[in-house]
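Shown next, in structure tokens, is the structure this report addresses.
The values are calculated or read from the model by the stated rules, or taken from the named source; none is laboratory data. Note that the structure is a prediction, hence the values are computed from the model and not measured. We place every Cβ from the backbone using ideal geometry, glycine too, and count neighbours over all the protein chains shown.
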Amino acid sequence: MKTIIHVNKQLIAQNINRPDNKKLPVYTVKTGRKNVYGYGVEILGPSKLVDVRNACQLSCGARAWIETDSKVKVIGKMSFKDVKKLKEQT
């Protein structure tokens with residue numbers, strides 16, 4: 001199953017004024033209908049970079065991303081619910 005990885009620029013912007021121990025994970029990893037978030041991603045095999053010249057933008061608005069059929073290891077993995085809780089801790 002194809003995995004899509006992209007960087008969330010809104011979360012990067014929000015991290016500018018947050019203390020180090022409250023930084024939000026900026027990587028979104030989508031496999032099927034499931035999204036997980038993390039502070040880093042390790043792709044364990046081939047992958048390709050895609051941008052809107054080659055495809056339509058993602059429903060989340062991303063205009064560039066990485067696609068892979070390889071296994072992916074998400075560093076600091078958390079759910080949307082966990083990210084939302086962390087956002088509330090300012």
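General observations
- In the condition set (1) at pLDDT 90 or above; (2) out of contact with any Gly (no Cβ under 6 Å at 6 or more places or on another chain), Lys77 is compliant with all but (2).
- Selection count, the range 23-52, where residues are at pLDDT 95 or above and of a type in the set (Asp, Glu): 1
- Residue match in the range 46-64 (condition: at positive phi and in contact with a strand residue (DSSP E or B) (Cβ under 9 Å, 6 or more places away or on another chain)): no
- Qualifying residue in the range 29-44 (condition: in a loop (DSSP other than H, G, I, E, B), β-branched (Val, Ile, Thr) and either buried (at least 16 other Cβ atoms within 10 Å of the Cβ) or out of contact with any Gly (no Cβ under 6 Å at 6 or more places or on another chain) (or both)): no
- Breaking point among (1) of a type in the set (Lys, Arg); (2) modelled with pLDDT of 95 or more; (3) surrounded by fewer than 12 Cβ atoms within 10 Å (Cβ to Cβ), for Lys84: (2)
- Complete set of residues in the range 53-70 that are modelled with pLDDT of 90 or more and in a loop (DSSP other than H, G, I, E, B): Asp69, Ser70
- Sole residue being basic (Lys, Arg) and either more than 20 Å from Met1 (Cα to Cα) or in a loop (DSSP other than H, G, I, E, B) (or both), chosen from Lys87, Lys73: Lys87
- Selection from the range 8-27 of residues that are of a type in the set (Lys, Arg), in contact (Cβ under 8 Å) with a residue 40 or more places away in the chain and either in a helix (DSSP H, G or I) or buried (at least 18 other Cβ atoms within 10 Å of the Cβ) (or both): Lys22
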